[in-house]
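Worksheet: one structure, shown below.
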Amino acid sequence: MSRKRVAVLISGRGSNMAALIEAAKAKDYPAEIVLVVSNRPEAGGLLVARAAGIATEVVDHTEFGGDRNRFEGEIQAHLEKYRVDIVCLAGFMRLLTGSFLEKWQRRILNIHPALLPDFKGLDTHRRVLEAVAKIHGATVHFVVPEMDSGPIITQGVIAVRPGDSEETLAVRVLKVEHRIYPLALKLVAEGRVQIKDNRALIDGVPVPNVTDRVPTDPT
Ligand code: GRF
């Protein structure tokens, strides 16, 4: 089976992108990273990608005068040029809209630093601490127009420990992210993930939501 061609979209340091690049070095990994696109010219991840010999493109959103269609059209043109099969968002800080997402339906993934559907949006580690949650983690999901809401492909859980801060949680969650993103991409690239009733199935089995499965303290 030929390897799927993957583009990673970033805005910053790109540590998840680096984890995907690393995983894709294995000969039996079903995907190769053929392109990294950043909406920020100064994103550190661009240097990491170039050092790994991967093509990079910058599509700077500030140059489109707020015209999302043109911004997304430019990204789409790069994806077509590199004959991309699957798109991975990895710390990409722009919302993508309907017509772009329609083209990539079931072929565009995102990683979120929390156990969705809880803690959508930004500042997840702070909000987890404020909520005195017992567990935390990361989620890879398909991207749909509504933010952080698409079918969940895989999740990784950590325990919140007494004395944890935003920083300590960020470090442990990021480690989980680097493990689960390559795993989720592998499953999608192998064609083992289907969607039924807005829920992902892996090899025909619905992905359980860990927040349903892990009992949390009633207090
Ligand atoms: C990660 O925590 C990811 O979950 C979130 O943004 C952060 C990006 O980090 N969407 P990096 O650029 O992959 O290091």
* Asked: Under DSSP H, which helices of the chain have Cα atoms covering 24 Å or more of the helix axis and a Kyte-Doolittle average no less than -0.5?
  -> 166-189
* To do: Hey, can you find the accessible area per residue of the chain for me, probe 1.4 Å, expressed in square angstrom?
  => 50
* Can you pull the percent of the chain's accessible area that's carbon plus sulfur, 1.4 Å probe, other chains left in place? -> 52
* 5 Å binning of all Cα-Cα separations within region 1-104, expressed as whole percents from 0 upward -> 3, 13, 25, 25, 19, 10, 4, 1, 0
* Quick one: what do you get for the chain if you divide its Cα Rg by 2.2 N^0.38 Å? -> 1.00
* **Accessible area of Arg70 in the full protein assembly, 1.4 Å probe (Å², nearest 10)** => 130
* **Prolate/oblate/rounded label for region 107-200 (Cα gyration tensor, a/c 1.5)** => prolate
* Structure fact -> Once both label points are put 7 Å beyond Cα along the C-beta direction, the Met147-Arg179 separation in nm becomes 2.9
* Ignoring ligands, DNA and RNA, how do Lys120, Lys103 rank by accessible area with a 1.4 Å probe, largest first? -> Lys103, Lys120
* To do: With a 1.4 Å probe and all protein chains in place, put Glu190, Glu177 in order of accessible area, largest first.
  => Glu190, Glu177
* Asked: Once label points are set 7 Å from the Cα along Cα→Cβ at both Val157 and Leu122, what is their separation, rounded to one decimal in nm?
  -> 3.0
* **Sites Ile202 and Glu130, calculated FRET efficiency, Cβ-Cβ separation with R0 30 Å, nearest 0.05** => 0.35
* In range of the label at Ser99: residues from region 59-87 whose backbone nitrogen is under 14 Å from the point 7 Å along Cα→Cβ -> 67-77
* Structure fact -> Output ordering of 34-40, 22-28, 170-176, 96-102 (per-residue mean of other Cβ within 10 Å, highest first) is 34-40, 170-176, 96-102, 22-28
* Structure fact -> Taking only protein heavy atoms and a 1.4 Å probe, the highest-to-lowest accessible-area order of Arg13, Arg127 is Arg13, Arg127
* Asked: What is the gain in length, in nm to one decimal, between Ser165 and Lys81 on full extension, counting 0.36 nm per residue of separation less the C-alpha to C-alpha distance?
  -> 25.9 nm
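The values are calculated or read from the model by the stated rules, or taken from the named source; none is laboratory data. Computed from a predicted structure; not experimentally measured. Reconstructed Cβ throughout: ideal geometry from the backbone, glycine too, with neighbour counts over all protein chains shown. Heavy atoms of the whole protein, side chains included, go into the accessibility calculation; ligands, DNA and RNA do not. Shrake-Rupley method; radii C 1.70, N 1.55, O 1.52, S 1.80 Å.
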